[in-house]
1. With every protein chain present, what is the per residue accessible area of region 469-614 (1.4 Å probe, Å²)?
2. With +1 assigned to the C-beta of every Lys and Arg and -1 to the C-beta of every Asp and Glu, and no other charges, what is the dipole magnitude of region 247-379 about the Cα centre in debye, to the nearest 20?
3. If you plug each phi of region 179-196 into the Karplus form 6.51 cos²θ - 1.76 cosθ + 1.60 with θ = phi - 60°, what whole-Hz ³J(HN,Hα) values come out, in order, with x for Gly and Pro?
4. Find the accessible area per residue for region 326-425; the probe is 1.4 Å, ligands and nucleic acids are left out, and the unit is Å².
5. Mind ranking 373-385, 418-430, 320-332 by how tightly packed they are, going by the mean number of other C-beta atoms within 10 angstrom, highest first?
6. Net charge near D539, counting Lys/Arg +1 and Asp/Glu -1 over other residues with Cβ under 11 Å of its Cβ?
7. Just read off the accessible area of R260 with the full protein assembly in place, 1.4 Å probe, to the nearest 10 Å².
8. How much net charge surrounds V324 when only the other residues with a Cβ under 15 Å from the Cβ of V324 are counted, with Lys and Arg +1 and Asp and Glu -1?
Amino acid sequence: ACAMEGAGDSPMDRDDHLGNSPWKKMYKKDTNMSLATFFPPARWVPQYIRSLRGQSRPEDRPYVGNLPFSLTGDAIAGLTVGVMLVPQCLSFALLAGLPVQCGLYSSFAPLLAYAMFGTFRQVQNGPTALMSLISGQALDSVGILDPEKRMAGAALMALFVGVISLCLGALRFGAVTNFMSHSVLSAFCTASGITIATSQVKHILGVKLPRSHYWWEEVVLLFEHLSETHLPTFLLGFTILALLLTLKYWKSAGNAEKRRAHRVWRWFPTDRTTRAFRALKLVGDLSSLLAVVLGGLWAAAYRAAGENGVRIVGDVDSSGLLLVIPGGGYISEFLGDSTLFVSSAMIAIIGFLETVAVGSKFASQSKYVFDANQELVALGIANVASAVFSGFPGTGGFSRTAVNVSFGATSLLACACSSILVLVSIYLLLPAIALLPLASMAPIIIQGAITFIDIHEFKVAFRAHRLELFVMLATFVTCLALTVKEGLLVGFVCSVLKTLLEISVPNMVVCGRIKSNWRDVRYFPNAALPPKSVVVRMDAQLHFANANKLKDFCVRAVRLRESMGDRVEYCILDAKTINRVDLTGCDMLPDLAETLSFHKQHLVVTNLKAPVASTLCVAGVLERMFKYGGHVSLDLEDAVELAGQAQPDWATAEAAVRALVHIRTEVHQDDTPCLTAARNAAMASSAKAHGVKGSPSGVVMDSTNPEAASRLGDATPEPCKGEKVASAHIQQASTTPALETSAIALVDTSGAHDTLVKFDIEAPAMTAHEPTLPVAPNDAETLDTVASMPPRAMPSRQRQRSGNVRLGFWWTPCWSSQGVAECIVPACAPR
């Protein structure tokens, strides 16, 4: 069997290649499953207690990072975010078209659940504008308008989201985030931000409009009813919106120098160390609470003045938390339509992406570890908890997490503190919430929606990658023309098609030499072309989508070079940028070699990477290429040099490639007769090569060549029964007497090589209980070259293991005239 380091092998084989190297853990899957893996407080709560007592341990460091635990910071941050969360979750419930109390129901239990199962220490879970928008559009798409039925549908969606997230987490499917491109998500979020902001304009204007299924319908209705704007409501809503946006942009204005240079912000506090700056920043962090309080007082003043045209939240169910069955009595009706489930699947993935994007940013800043798969589990349990309390889907919110961090949160204990404040609000504040004006809550949603809008990404795509811009525009337009669900699906399909197009039409270049580098002749016209050769490079994987294009490109490059009057004998394919090859690509290379051979030209594949060489070997491509005069080489410079010679020695270059792909044999302990014969044959060859006069105990005889056997004892070995003895390298040592020095010898009695290669290696004392054996080179193809190398020049590793031979490789001490023990490494080929 052919094998390569790092490719083509099983994970166990790849680990074997690395031996005891510290890099081995890079390729080893983490299979350590403990209670703390599924219930993180089992780890961080003891660490928290030890930290408060000043008894932290070194093993706590990866989880603590640069963020030491602080009980005071968690309490202050949790309560502050709780004050901020209450008005936010009420607004997000309105955005989803649900009664306002659903926002509180969606915040209490999910916060507690996430605190128990999450791994992002500073993330605040709960309703967000994006999740509310998708939930509302999903409910609109199935025509659910009744508030009670709408609450049941939202709870069922939360259950679906929870179950899907739990399944993905159980399957360790956290890598699902890699299948959503940044450009698609950017366009999706921008369109979502515009849709969210547009849906709240009617509350700022004081216009009563029905819920619209599409964004453009909302825009048309706004223009049609613009003349119905209620001026007192507009003054209230616009003032609060302007105040919130001013605080938002002031907070992100940059350092003191930038603030002083700004034409507006220079009139505001600029020094972060002053009380005025800190006070204003606190107001900005709690701007949601400010909007609700200011709007409530303003509306009360209107009512006192006899102005009753400002719309308020209205009646609110203040019965408190109740456990329910998600879906209520409408489950059969909801399950008859797949819309809610499909939307829930999208919410599960988008919510996970949003949480990881938010949490990983602050985790990397504080340098503590997290588990993306466990985050799926935590979000799943949080959404299931929301469902059973009549809530709707939620995820980690950026604005709340940012405030949580700024107020000193160090653990998920802050989430628990926030949930307590939400619980108090459910039982004490719901009656007062009924009097809040909608115009004071809409600015909170618009402020958050503007955060999603990013026009800069479109500008970058226009300048850098027009195909990426097309994908973004397709996503953006579809989100606005239909719904964000269809927009995200279109964006995903377009990004997949774009990827297929790019890999089917890869960058293929003809290279010339500039000093020691090989460059694209299109951009480096002065690059020197090698004599008698054309060097071609493809910057992509070699597979069915581009194999024929590469073949045609190579043939055209050769013909073009010939049309310049140059004689071309070799087409050299530089494969350093090809890291994978499929069977179609494997078939193309011999076909290309055959095509070139018709014109007495040769294909040379050079700079082979491990995965590619392994695949080519296993598929038999090398032999098929050699049949038509093809060659392989490890190094481009060597290939060009050989191609320029009158009588190139390609055998050496090909042997170097084969040296990486070595034969592995397996002989079990029940194959002792064959193994004994192989050992005896090797010892006989060793004795003959080194002129051994004496004899160890027993007879050593080359069973494949009796005439050349040397009788050194009395016993007769069993024959090898015709199996070929193959050269190999030591995988595991048997027990052996103590030795001060040893040598490793490779012998091949298959007839391919006659030379015995011997390496003198100083070895530590080896006992029968704990043998330590250096490992021979990984191949025995170029024995003459290897034999000329000085002692200890070949790579080696040591493996300490007692017991008998398992993998079929034998080593044994034998006698020599110099008194140096020799380790013989033969093995029988597999039966």
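1. On a per-residue basis, 46 Å².
2. Computed about the Cα centre, the dipole is about 1380 debye.
3. These are the phi-based 3J(HN,Hα) values: 8, 10, 6, 5, 5, 5, 5, 5, 5, 4, 5, 5, 5, 5, x, 5, 5, 5 Hz.
4. Values: 3060 Å² over 100 residues.
Accessible area per residue: 31 Å².
5. Numbers: 373-385: 25.8, 418-430: 19.4, 320-332: 14.2.
Taking the mean over residues of other Cβ atoms within 10 Å, the ranking is 373-385, 418-430, 320-332.
6. Working: positive: R537, K576; negative: E502, D520, D574.
In short, -1.
7. 140 Å²
8. 0
The values are calculated or read from the model by the stated rules, or taken from the named source; none is laboratory data. No experiment lies behind these values; they were computed from the predicted model shown. For neighbour counting, all protein chains shown are included, and Cβ atoms are generated from backbone atoms with ideal geometry for every residue, glycine included. With ligands, DNA and RNA removed, areas are computed over all heavy atoms of the protein, side chains included. Shrake-Rupley method; radii C 1.70, N 1.55, O 1.52, S 1.80 Å.
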